[in-house]
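S.K.: Below you will find the structure I want to go over with you.
Read the figures in this text as sums done on the coordinates, not as results from a lab. None of these values were measured; they are calculated from a predicted model. Using ideal geometry, Cβ is built from the backbone for each residue, glycine included, and neighbour counts are taken over all protein chains shown.
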Amino acid sequence: MKIAFIVGRFPVLSEAFILNQITGLIDRGHQVDIYALEGYELEEKVHPDVEKYHLLEHTYYAPKIPENYVWRTLKALWLLTTNFWKNPLACLQAINVFKYGKKAASLRILYTAIPFLGSQQYEIIHSQFGIYALEVMFVRDVGGLKGKLISSFRGYDISWYVQEKGDRIYDRLFKTADFFLTNCDFFKRRILKLGCDPNKVLVHRSGINCNRFAFNTRHPSSDGVFRIATTGRLIEKKGIEYAIRAIAKVAENYPNIEYNIIGDGYLKEFFQQLITDLKMQEKVKLLGWRNQQEIIETLDKTHIFIAPSVTAADGNQDAPVNTLKEAMAMGLPVIGTQHGGIPELIEDGISGFLVPERDADAIAQKLIHLIEHPEQWPQMGKAGRAYVEKHYETNKLNDELVEVYQQLVNRGKFPEPTLKPQVSFMQT
């Protein structure tokens, strides 16, 4: 099959779940082209699979839209001049204000359509977030792109964005797209509540390649230090503030602890100040971004993993966190919050613990319990690895994704939940 992946930016180190799907499809003999609607912004650290699969050679970037409308218009005229020959009808339709109103007048349709003009027909157009599906559905409508349109909903697109734009923001998409996937049951319930046809949506979970995350039974270190870690962007919904405060509470009675935070984001300075205020500079470290191998090396030396996600003030929420899956696959006992899709991943009291959102005391209590009961670590680690292998192994999930595509293309109707319902076709 010829498949178009629609993303915001590419490559993005924190979106390995998208990369896993792309490489999995390529390994299965399918052609994948990547369209990044937010333009080109290469990160300092890049996942090795980007180079291994030569993905940048198959990535196309939409031109950035100037904020100033005069410059936007002048740039649009240049884009029309240089690209009109590729698909004249689509170019004209993209600026048809009589049909598309403000959307065409803002020139967003035209800018979004540019990388697709002259592209081949695809069997599948897979938008990795609902936000980008809203853009690409117009490109398909004007004739700039052909194929079955699938949209995944993964988190902020069905939480923050809906709170920002209102409950009707996806009405047109629900009617015009061919199918929808959510990465957890929690978000499936959300889009059904917003009006998505139940026959057009399935749960398809974000997977990890368990073979890349070697299992290691956890035991206390000979040096007596308890090592704890979190991986995630330094943004509000990751809830890292509460984990830092929890570490400070635990350190009062257990000073031999070390907390490593892998990631970066706009709250970095706030966290640095918080760490200073709590006098935790020697125990809490902000490590910045690390590539996958560096993350694995850090987690190999870690005893406990925390994923303290919270519902942000703007409504942003998490699905089951991929970094949490990776930690569980490596045998770490984990602490997560009763938030979004995380309870679908952590079996409370079996592979780790669930605590309320924004509750540093509860996190501290569970940390103390684990520190005082290291004999529980091996069994929790084994349970977590088994659960991730059963429900989140990317090879199984990629096989099922191909079947969804094939059913949609070959049958010309909505895929039926016939394969491995416990993994990706769970009904709610």
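S.K.: Compute the long axis of helix 240-251 from its Cα atoms, compare it with the longest principal axis of the Cα atoms of the chain, and write down the angle in degrees, 0 to 90, nearest 10.
M.R.: 10
S.K.: How much space per residue, in cubic angstrom, does the convex hull of the C-alpha atoms of segment 177-218 take up?
M.R.: Details: hull volume 4.0 nm³, N = 42.
For segment 177-218, the hull spanned by Cα atoms encloses 94 Å³ per residue.
S.K.: Please work out the Kirkwood hydrodynamic radius for segment 321-403, using every pair of different C-alpha atoms, and report it in angstroms with one decimal place. Could you put the intermediate results ahead of the total?
M.R.: Numbers: mean 1/r = 0.0752 Å⁻¹.
It works out to 13.3 Å.
S.K.: So which of 103/193; 103/148; 283/366; 193/268; 86/148 end up more than 24 Å apart, counting from Cα to Cα? Please report the intermediate quantities before stating the final value.
M.R.: Numbers: 103/193 26 Å; 103/148 22 Å; 283/366 18 Å; 193/268 35 Å; 86/148 22 Å.
With Cα atoms farther than 24 Å apart: 103/193; 193/268.
S.K.: Compute the convex hull volume of the Cα atoms of segment 64-151, divide it by the residue count, and report the result per residue in Å³ as a whole number.
M.R.: Values: hull volume 7.9 nm³, N = 88.
In segment 64-151, the Cα convex hull volume per residue is 89 Å³.
S.K.: Quick one: angle between helix 360-372 and the longest Cα principal axis of the chain, in degrees between 0 and 90, rounded to 10, please.
M.R.: The angle comes out near 50 degrees.
S.K.: Quick one: Cα convex hull volume of segment 210-390, Å³ per residue?
M.R.: Details: hull volume 18.4 nm³, N = 181.
Output value, Cα hull per residue: 102 Å³.
S.K.: Taking the C-alpha atoms of segment 278-333, how large are the radius of gyration and the largest Cα-Cα span, Dmax, in Å?
M.R.: Considering segment 278-333 through its Cα atoms, Rg and Dmax are 13.4, 35 Å.
S.K.: Right, next: Hey, with R₀ at 35 Å, roughly what FRET efficiency would residue 9 and residue 409 work out to, going by the Cβ-Cβ distance, to 0.05? Could you put the intermediate results ahead of the total?
M.R.: Values: r = 28 Å, r/R0 = 0.80.
In this case the efficiency is close to 0.80.
S.K.: In addition: Counting other Cβ atoms within 10 Å, which trypsin sites (Lys or Arg not before Pro) in segment 24-128 have at most 16 and lie in a DSSP loop?
M.R.: 28, 45, 64
S.K.: May I ask what percent, to the nearest 5, of DSSP beta bridges between residues of the chain are antiparallel? Could you put the intermediate results ahead of the total?
M.R.: Values: 1 of 46 bridges.
Counting only bridges with both partners in the chain, antiparallel ones make up about 0 percent.
S.K.: Oh, and also: Would you please name the GluC sites (Glu not before Pro) within segment 1-67 that are DSSP coil residues with at most 10 other C-beta atoms within 10 Å of their C-beta? Don't skip to the end; give the middle numbers.
M.R.: On the way: sites: 15, 38, 41, 43, 44, 51, 57, 67; in loops: 15, 38, 41, 43, 44, 67.
For GluC sites (Glu not before Pro) across segment 1-67 that sit outside H, G, I, E and B with at most 10 neighbouring Cβ atoms in 10 Å, the list reads 44, 67.
S.K.: Could you tell me which chymotrypsin sites (Phe, Trp or Tyr not before Pro) in segment 226-278 are loop residues by DSSP with no more than 10 other beta carbons within 10 angstrom of their beta carbon? Before the final figure, lay out each step's value.
M.R.: On the way: sites: 226, 242, 259, 266, 270, 271; in loops: 266.
Those satisfying the criteria are 266.
S.K.: Using modelled backbone amide H atoms (1.01 Å from N, in-plane), which distant-in-sequence or interchain residues come within less than 5 Å of residue 146's amide H?
M.R.: 122
S.K.: Can you run phi through the Karplus equation (6.51, -1.76, 1.60; θ = phi - 60°) for segment 388-398 and list ³J(HN,Hα) in whole Hz, with x for Gly and Pro?
M.R.: Once θ is set to phi - 60°, the couplings for segment 388-398 become 5, 4, 6, 10, 10, 5, 5, 5, 5, 5, 5 Hz.
S.K.: Structure shown: which of 2/45; 237/325; 301/396; 64/102; 249/285; 64/238 lie over 26 Å apart, alpha-carbon to alpha-carbon? Could the numbers behind the result be given before it?
M.R.: Values: 2/45 29 Å; 237/325 18 Å; 301/396 29 Å; 64/102 18 Å; 249/285 16 Å; 64/238 29 Å.
With Cα atoms farther than 26 Å apart: 2/45; 301/396; 64/238.
S.K.: Rounding to the nearest 10 and keeping the result within 0 to 90°, find how far the Cα-based axis of helix 69-83 lies from the longest principal axis of the chain.
M.R.: Its long axis makes an angle of about 70 degrees.
S.K.: A further question follows. With +1 assigned to the C-beta of every Lys and Arg and -1 to the C-beta of every Asp and Glu, and no other charges, what is the dipole magnitude of the chain about the Cα centre in debye, to the nearest 20? Before the final figure, lay out each step's value.
M.R.: Numbers: 51 positive and 50 negative charges, 288 e Å.
So the dipole magnitude of the chain works out to roughly 1380 debye.
S.K.: Next question, about the same structure. Give me the Kirkwood hydrodynamic radius of segment 1-45 in Å, from all C-alpha pairs, to one decimal place?
M.R.: Working: mean 1/r = 0.0902 Å⁻¹.
Hydrodynamic radius (Kirkwood, Cα pairs) of segment 1-45 is 11.1 Å.
S.K.: Now for a different question. Tell me the Kirkwood radius of the chain: reciprocal of the mean inverse pair distance over distinct alpha-carbon atoms, in Å. Provide the component values of the computation, followed by the final result.
M.R.: Details: mean 1/r = 0.0439 Å⁻¹.
Result for the chain, one decimal place: 22.8 Å.
S.K.: Now, a different point. Taking 0.36 nm per residue of separation and subtracting the Cα-Cα distance, what length does fully extending residue 30 through residue 282 add? Intermediate values should be presented prior to the final figure.
M.R.: Working: separation 252, 0.36 × 252 = 90.72 nm, distance 4.96 nm.
Extra length from residue 30 to residue 282 when fully extended: 85.8 nm.
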